[in-house]
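Notes to accompany the following structure.
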2 protein chains.
Amino acid sequence: MTEPKRQMHLGVFVQAAGHHVAGWRLPDAEAGSENLDLIKRIAATAERGKFDLFFLADGLTTGKDAHPSMVARFEPMTLLAALAMSTSRIGLAATVSTTYGEPFHVARAFSSLDHLSQGRAGWNVVTTSYARSAANFSRGAHPEHDERYAIAREFVEIAKGLWDSWEDGAFVMDKSTGAYFDPSKLHLLEHEGKYFSVKGPLNSSRPPQGHPIIIQAGSSDPGQELAAETADVVFTAQADLEEAKAFYDGLKARLPRYGRRSDQLHVMPGVFPVIGRTEQEALDKLKLLQSWADPAASLALVSERLGHDISGYPMDGPVPELPLSDQLRSRSKLLADLARRENLTLGELVAIVASARGHWMVRGTPERIADQLEAWFVGGAADGFNIMPPYFPGGLDDFVDLVVPILQERGLFRTDYTGSTLRDHLGLTRPENRHVRSHG
Amino acid sequence: MTEPKRQMHLGVFVQAAGHHVAGWRLPDAEAGSENLDLIKRIAATAERGKFDLFFLADGLTTGKDAHPSMVARFEPMTLLAALAMSTSRIGLAATVSTTYGEPFHVARAFSSLDHLSQGRAGWNVVTTSYARSAANFSRGAHPEHDERYAIAREFVEIAKGLWDSWEDGAFVMDKSTGAYFDPSKLHLLEHEGKYFSVKGPLNSSRPPQGHPIIIQAGSSDPGQELAAETADVVFTAQADLEEAKAFYDGLKARLPRYGRRSDQLHVMPGVFPVIGRTEQEALDKLKLLQSWADPAASLALVSERLGHDISGYPMDGPVPELPLSDQLRSRSKLLADLARRENLTLGELVAIVASARGHWMVRGTPERIADQLEAWFVGGAADGFNIMPPYFPGGLDDFVDLVVPILQERGLFRTDYTGSTLRDHLGLTRPENRHVRSHG
């Protein structure tokens, strides 16, 4: 069997109490988004499975209604720095918001993580959706959707500039001459923009990857435009092949206007796998999970994602027509489309969302799951997938032990790492330093 | 021999290219503030020496004139998270500024580090001295000295409040009932102050230490007052026993007004040790180091610390009378006092500052160094010391292998750890959660 040239990329989206709201209750689940021992084993399993990356979401608020995986968790940069010590090949990607952060701090932390991990850092660039975050950051008002994306665009531009502060090889550390670094390889940024002014330089040498990998997850028009301009990977919530294909094609079509090729941006939809040795075992597992979903918590979760309180509507009735929330535009549209397409009752929508939270659910035997992933990958809807196990560690163990070997056998996924950095795994070239380019 | 009840505390102040500006040039020095392998060995050596803590300074700017250890370095929180994985007992303390940060982000990162390290996190609370930092953070003006301390005070108060967001034992994670946490143990902060408004709660459970250890390094009046109110450890630059004693007594005298006892705050001056098997070997090492000190770099360093450009003054003349810089008040006063007391020429002051950077230099055989440390410790000038080796790894190896055993033999320092957290090492009790206290 000859391997096809194009292979899929795989990430594990880690919410350590599981992606299903009740995943942590399964007998073989281990609880806790603050369980370091569990998280280290998750990273080791994904690395054993030759995954491209370990992906952490994040948020800047919590409360009584928060999902178990999100209510209290490690801060992503410190957690990934720790995992850089217990792993050697897998990429380490953290979500860090551009809405309540400083470009200098964020660029610096990712450069530091890239050095600590020898070139395995990824930054999931997000804007903070929830207006209540403003109350934790001394802000009266939360910026509206399109402005958040304008801020994000400038933020990423600054970070990329700061990463070019030092040319490669600037630190000569010559004991005989006393030259610690070559000052001609140090450059100021002198950024003066609409939202930020950042002089530079960064007090971190150029990251091993040149620039850490940029991931984006926004599916709105400004989100897609930002991704087309700046991202290496797009993580997206798609629940239907045709829509996923349309999203994929639309996003790739935006690339040429930024002088980029189709293979320079990887689209990786989220996948919520429910795996059984048999179809029945998978179905039973999903039913068990759904039996535990607290109706009130599920309602709160769906209300939060829709941006509207739906607790007053009858569960056996149709999904009500709700105005699309400005703050959560792409998410609320996704859910409304899903309900209309499949003619769901509100109760059914709530059950599906509480399970897969709007992502693509694949359910069944390992063979059937591999078939579905192959269909999307070959069908032009995805360059890979961000795997969202309903529970840990078993949900990932099953994927790595049962599904990955099938994908490998079909030549759809690597059987070993061929490079050492996340950029290598993704087949992306290291960006040249702008200052070398300009005077080269 | 019976051990005296009171023992000193030891930290290693890590600037990985060495504290001496040319320390990295010694034949057995290894260069690099971005050399993770070296830094891991430094932490392991300090832990083998039973040190209380590993201490990282920080800064938010760099440039052509920066000290080799500071020009490019790891971001402290990510570095310490990595070191939490390669060590098991030693405390891990990072400098993080309150001038260009958000209390929510900082409190969260330290809580995360405390969880990752199982109770070994310390926060060196500083205000950013250098006005040029503002240019990296989109600020037109840098706040003046006293206002920076007012901001710092409110910042620390918020952090302590956020660490009490969750009571101990809040996360019950009961699979049978589905209770992931007990909502009655979750508390909002609702802070509304002069500089910040932070609602909370923190999305991190209560740190293992209750509150990570608070370290302060400011020696100005507002700096000492902040320390008396909030700090567990004070790191200070003292070059003379009598002045160190006066500082020590003055600081301890401030404690009662905050209802605190003398043994609840440890004063740890910085010590720059130049160790030789013989007095001559130590002297030769210092001379070699000083022979490499670049006059221009030394001048720039001293000018920066004084807040005035002294490059125009004759090196063989007296230290000129300079107005005390507001921004760098305590540092510039320290240097002016040192020059007056020892009747130094400007060139001599520059040489000393370029060696020990205003800190206490101890030089000689291990016995002589132990004698000097004992004199300060027993003489009421210190509760311990923050060791600042001129170079790494040899400068620390010598201290741990040659000086520590003498201190241990004299009963002045522990022969093994008796607890597992940094708070344990420092003999400090775990603070009760304010919400438990208030309704208990």
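Which cross-chain or sequence-distant (5 or more) residues have an amide H under 5 Å from the amide H of A:Ala29, H modelled 1.01 Å from N in plane?
none
How many percent of all Cα-Cα pairs in the stretch B:230-302 sit more than 21 Å apart? Provide the component values of the computation, followed by the final result.
Working: 1383 of 2628 pairs.
Counting pairs separated by more than 21 Å, the tail of P(r) holds 53 percent.
Quick check on my link table: of A:Lys50/A:Lys185; A:Lys5/A:Lys252; A:Lys64/A:Lys287; A:Lys160/B:Lys64; A:Lys40/A:Lys285; A:Lys287/B:Lys175, which ones sit more than 27 Å apart, alpha carbon to alpha carbon?
The answer is A:Lys50/A:Lys185.
If we count every other residue with Cβ under 13 angstrom of A:Ala296's Cβ, Lys/Arg +1 and Asp/Glu -1, where does the sum land?
That works out to -3.
A:Ser86: net charge of surrounding residues, Cβ under 14 Å, Lys/Arg +1, Asp/Glu -1, itself excluded?
+4
What would the Debye formula give as log10 I(q)/I(0) at q = 0.14, 0.15, 0.20, 0.23 Å⁻¹ for the alpha-carbon point model of the stretch A:192-321, no solvent?
-0.95, -1.01, -1.19, -1.29
Run through the other copies and list how far each one's label point is from that of A:Leu188, in nm with one decimal, shortest first; the point sits 7 Å from Cα along Cα-Cβ.
For A:Leu188, the inter-copy label distances come out at 4.6 nm.
Each residue of the stretch A:59-75 in order: what ³J(HN,Hα) in whole Hz does its phi give by Karplus 6.51 cos²θ - 1.76 cosθ + 1.60, θ = phi - 60°, with x for Gly and Pro?
Per residue, the Karplus-derived 3J(HN,Hα) values read x, 10, 9, 8, x, 4, 9, 5, 4, x, 6, 10, 5, 8, 8, 5, 5 Hz.
What residues have an amide H closer than 5 Å to that of A:Val12, excluding those fewer than 5 places away on the same chain, when H is modeled at 1.01 Å from N in the peptide plane?
Counting only residues 5 or more places away or on other chains, the set is A:Leu53, A:Phe54, A:Phe55, A:Ile387.
Indicate, rounded to the nearest 5 percent, the antiparallel portion of the DSSP beta bridges found entirely in chain B.
Bridges in chain B that DSSP calls antiparallel: roughly 15 percent.
How large is ³J(HN,Hα), in whole Hz, for each residue of the stretch B:13-29 in order, when computed from phi with the Karplus curve 6.51 cos²θ - 1.76 cosθ + 1.60 and θ = phi - 60°, using x for Gly and Pro?
8, 9, 10, 5, 8, x, 7, 6, 4, 10, x, 5, 8, 4, x, 9, 7
What distance in nm separates the two pseudo spin-label positions at B:Asp182 and A:Lys194, each 7 Å out from Cα along the beta-carbon direction?
5.0
Give the nm distances, rounded to one decimal, from A:Arg132 to the matching residue in every other copy, measuring between label points 7 Å along Cα toward the beta carbon; shortest first.
Label-point distances to the other copies, shortest first: 4.4 nm.
If I model a spin label as a point 7 Å beyond the Cα along the Cα-Cβ vector, how far apart are those points for B:Tyr130 and B:Ala296 in nm?
Once both label points are built, they end up 1.8 nm from each other.
Using a label point 7 Å beyond Cα on the Cα-Cβ vector, give me the inter-copy distances for A:Asp240 in nanometres, one decimal, shortest first.
Here A:Asp240 shows inter-copy label distances of 8.1 nm.
How far, in degrees from 0 to 90, does helix B:295-306 lean away from the longest principal axis of the Cα atoms of chain B, to the nearest 10?
The angle comes out near 50 degrees.
Would you mind getting me the FRET efficiency between B:Asp174 and A:Asp37? Use the beta-carbon distance for r and R0 = 22 Å, nearest 0.05.
0.65
What are the principal axis extents of the Cα atoms in the stretch A:103-185, in Å, biggest first?
57, 25, 21
So if R0 is 56 Å, what FRET efficiency would B:Thr429 and A:Lys5 give, r being the distance between their Cβ atoms, rounded to the nearest 0.05? Write out the running numbers ahead of the final one.
Values: r = 63 Å, r/R0 = 1.13.
It comes to 0.30.
Between 0 and 90 degrees, rounded to the nearest ten: what's the tilt of helix A:103-116 against the longest Cα principal axis of chain A?
Computed tilt is about 90 degrees.
Using a ≥ b ≥ c from the Cα gyration tensor of the stretch A:332-440 (square roots of the eigenvalues), is it rounded, prolate or oblate, where a/c under 1.5 gives rounded and otherwise the larger of a/b and b/c decides, a/b for prolate? Mind dumping the intermediate values first?
On the way: a/c = 2.51, a/b = 1.53, b/c = 1.65.
In terms of gyration-tensor shape, oblate.
Shape verdict for the stretch B:212-269, please, from the Cα gyration tensor: rounded (a/c under 1.5), prolate (a/b greater than b/c) or oblate.
Verdict is prolate for the stretch B:212-269.
Give me the percent of DSSP beta bridges within the protein assembly as shown that run antiparallel, rounded to the nearest 5.
On the way: 12 of 82 bridges.
Of all bridge pairs located within the protein assembly as shown, approximately 15 percent are antiparallel.
Roughly what % of Cα-Cα distances in chain B sit above 42 Å, to the whole percent?
Counting every Cα pair in chain B, those more than 42 Å apart make up 13 percent.
Among rounded, prolate and oblate, which fits the stretch A:25-148 when a ≥ b ≥ c are the square roots of the eigenvalues of its C-alpha gyration tensor, a/c under 1.5 means rounded, and a/b larger than b/c means prolate? Walk me through the numbers on the way to the answer.
Numbers: a/c = 2.46, a/b = 1.33, b/c = 1.85.
Oblate, since a/c reaches 1.5 and b/c is not below a/b.
Using the Karplus curve 6.51 cos²θ - 1.76 cosθ + 1.60 with θ = phi - 60°, work out ³J(HN,Hα) for each residue of the stretch A:83-100 in order, rounded to whole Hz, and write x for Gly and Pro.
In residue order, the calculated couplings are 5, 4, 7, 9, 10, 9, 10, 5, x, 10, 10, 10, 7, 9, 6, 9, 8, 10 Hz.
Computed from the mean reciprocal separation of all distinct C-alpha pairs, what Kirkwood hydrodynamic radius does the stretch B:381-440 have, in Å?
For the stretch B:381-440, the Kirkwood estimate is 14.6 Å.
Using C-alpha positions alone, give me the convex hull volume of the protein assembly as shown per residue in cubic angstrom.
Roughly 174 Å³ of hull volume per residue.
FYI, it's all coordinate maths here, none of it is from the lab. Values in this document were obtained by computation on a predicted structure and should not be read as measured data. Here the Cβ is made from the backbone with ideal geometry for all residues, glycine too, and neighbour counts use every protein chain on show.
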